Amino acid sequence: MGKKVHWNHRVVKRKDANGETEWSLREVMYDGNRIESVTAEPIGVSTWSDLGGPATNKKALKELEWTLKAMLRALKHPIVNYDRLRVTK
């Protein structure tokens, strides 16, 4: 059986060229329990739908709620150092 590949949201710190620290929420990908990579840009909160109507609105709100809860869970995990990771586009 292979390693479990998965992702989650994490708080990531990164130093810029001026030595200032940016704190952001990003998607972090894992290979088993090892962090494999992190997204190049911080994540935002959005969802897409092309159907319209009340059912779609309810689904979109549920998806946004899920994303916000996942972002809040990220605050409970250790901070990830961006400068030590492989970055994905």
Which of the residues that make up region 23-49 are loosely packed, with under 10 Cβ neighbours inside 10 Å and not aromatic (F, W, Y)?
-> N33, R34, G44, S46
Selected residue (criterion: modelled with the lowest pLDDT) from residues of region 28-87 that are of a type in the set (F, W, Y) and more than 13 Å from N8 (Cα to Cα) | W48
Limited to region 16-44, what total is found for residues that are touching a residue at least 12 places away in the same chain (Cβ under 8 Å), within 21 Å of L72 (Cα to Cα) and not charged (D, E, K, R)?
-> 13
For region 2-22, name all the residues that are surrounded by fewer than 11 Cβ atoms within 10 Å (Cβ to Cβ) and either at negative phi or among the β-branched types (V, I, T) (or both).
-> G2, K4, V5, D16, A17, N18, E20, T21
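The values are calculated or read from the model by the stated rules, or taken from the named source; none is laboratory data. The shown structure was predicted, so the numbers you read here are calculated from the model rather than taken from an experiment. All Cβ positions, even for glycine, are placed from backbone atoms using ideal geometry, and neighbour counts span all protein chains on display.
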